[in-house]
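What follows is a single structure, written as structure tokens, with notes after it.
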Amino acid sequence: MVARFNLRQPSSQLLIICCLLVAALGYFFWSPGLVASSGSYSDTAQQDSVSQETLQPVTGYSALPVMRDPFAVPQEFGQVAPIPALSPPDKNYPSVPHTGLPPSAIPEISLELVGIVSGGGQKVAIIKSAGKSGSYQIRDYLGPYQLLAVGERSVTLGGPQGKKVLLLER
């Protein structure tokens with residue numbers, strides 16, 4: 001079957017008018033700019049009054065690029081003293097801290113187990129040392145002692161004089 005178009009139908013006429021309108025608009029928007037000229041303007045009269053030597057291209061205002069460090073300290077704050085680099089903490093947890101003293105020369109510390117708190121699969125021991133209580137987890141140090149294990153009613157500490165077990169009194 002061959003389709004026949006009849007130009008006398010209103011839809012065909014409307015389609016042709018729309019195509020012509022789009023083509024005309026496209027020509028004006030996408031074609032290079034046209035220069036309008038007026039009959040009263042004379043290029044030769046303008047060139048005669050200004051010599052060719054004084055003509056220079058117009059570039060507009062152009063500031064020189066400023067290259068600076070955006071993270072630099074402003075001059076009004078002066079010199080800042082450098083911060084000394086800290087050594088990274090040791091990842092190895094020694095069983096006994098190195099104090100340089102023999103084990104017999106280290107004084108005995110009075111330690112008292114005050115309580116044990118457990119939650120989230122972890123246990124924390126509350127230990128009173130030298131009149132102050134604090135919470136400690138496994139591998140934490142209490143002076144020369146390191147917390148090795150936390151049980152239901154006891155904790156095990158390792159120190160210069162061997163292992164020490166603290167029991168919950170209550």
So how do 140, 69 line up by other beta-carbon neighbours within 10 Å, fewest first?
-> 69, 140
In sequence order, what are the phi-derived ³J(HN,Hα) couplings for segment 142-154 according to the Karplus relation 6.51 cos²θ - 1.76 cosθ + 1.60 with θ = phi - 60°, rounded to whole Hz, with x for glycine and proline?
-> 10, x, x, 9, 10, 6, 9, 8, 10, x, 6, 10, 8
Expected sort for 112-124, 142-154, 15-27 on mean C-beta neighbours within 10 Å, highest first, is 142-154, 112-124, 15-27
Nearest-20 debye value, segment 107-167 charge dipole, Cβ charges on Lys, Arg, Asp, Glu | 40 debye
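A short reminder: the numbers here are calculations on the coordinates, not readings from a lab. Just so we're clear, the structure is a prediction, and the values are computed from it rather than from any experiment. For neighbour counting, all protein chains shown are included, and Cβ atoms are generated from backbone atoms with ideal geometry for every residue, glycine included.
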